[in-house]
Amino acid sequence: MSDNPYHIVLLGSGAVGKSCLTVRFVSNKFVEEYTPTLEDSYRKKINVDNEVCIVDIYDTAGEEDFQSVRTEYIKRGDGFLCVYSLTDQSSFDEIKDIYDEILRIKNNYRVPAVLVGNKYDLREDRRVEMSTGETFATDVMGSVLFETSAKTCRHVTDAFYSVVQRIRQQRAKQNILDNMHYHGDNALREEHHHHHHHHHHSRSKKARRPRGGCILL
C-alpha cells in the first residue's frame, strides 16, 4: 500500500454539489440538504488499479469566498476535482479562474485534475453543453470531463479514481526525475573518487523503477 495519503481537493463555486459528491463517494449516501461547515475532510481507503491507497478528501463547501482558505487547500492538494453544475453557466465560467489559480499556486503548467460537470440528473435544465466541458478539459487542463450525478451516483467513483491515477502518474514522473538528478549528482562525485569509480558505477545502474505509475488509455 502506498504510505503517503493522496490529498484530493474539490473546488468550484457555491451550490454545485461538492459536498454531495464527497459524501456520495465516501459513504455512498446522497444528502439532499447539506450544511456547509468550515473544514471538512474525509479519509477513505480505496483500491485503484490493484493498489490500495488512502485518500484524504478536502471539501471546500461554504468557503468559496474565503480566498486565503482556498489558497491553503490548493497548497495542500495533490489532485483536484474542478466542479461546476451543468445547470449553471456561471459556475462553469468560474472554473477557468479556479484552474488558473491552481497552476499559479502549484507553480506548474499541469496538475493532476479532472473536470466534473455535476447534477447530470437535472440535465433537462442543462446550460453547459457536454462538448463545451470536454473541450475545456482537453485543451486547457489536458484532462477529461466526467458528467456526474451525486444523486444517482453516476461517474462519481470514476472521477475520484481518475484523480488518483493522475497523482500516481505525476509521482512516478517525479521519481524518475529525482532518480536522474540523484544519479547525475553521483556521477559528479565519481569524478572526484576515481578509485571508487567501478563500485559506485555498478550500484548506480540499479535505479529503482518507481511503482504505481498508470497509463490512462
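None of the figures in this text is laboratory data; all of them are computed from the coordinates on show. Remember, predicted model here, so these are calculated numbers, not experimental data. FYI the Cβ positions are ideal-geometry reconstructions off the backbone, even for glycines, and counts take in every protein chain you see.
Listed by chain and number, the lysines whose C-alpha is less than 21 Å from the C-alpha of residue 173, apart from same-chain residues fewer than 8 away, are 75, 106, 205, 206.
Extension gain for residue 110-residue 177 works out to 22.5 nm (0.36 nm per residue, less the C-alpha to C-alpha distance).
Amide H contacts of residue 88: 127, 128, each under 5 Å away and 5 or more positions distant or on a separate chain (H built 1.01 Å from N in the peptide plane; Pro and chain starts excluded).
Think of segment 6-169 as having a plus end and a minus end, set by charges on the Cβ of Lys, Arg, Asp and Glu; of 130, 152, 47, 47 sits farthest toward the positive end of this dipole. In this structure, the amide hydrogen of residue 154, modeled 1.01 Å from its nitrogen in the peptide plane, lies closer than 5 angstrom to those of 149, counting only residues at least 5 positions away or on a different chain.
So the label point goes 7 Å from the Cα of residue 122 along Cα→C-beta, right? Which residues of segment 79-98 then have their backbone N under 13 Å from it? Answer for segment 79-98: 84-92.
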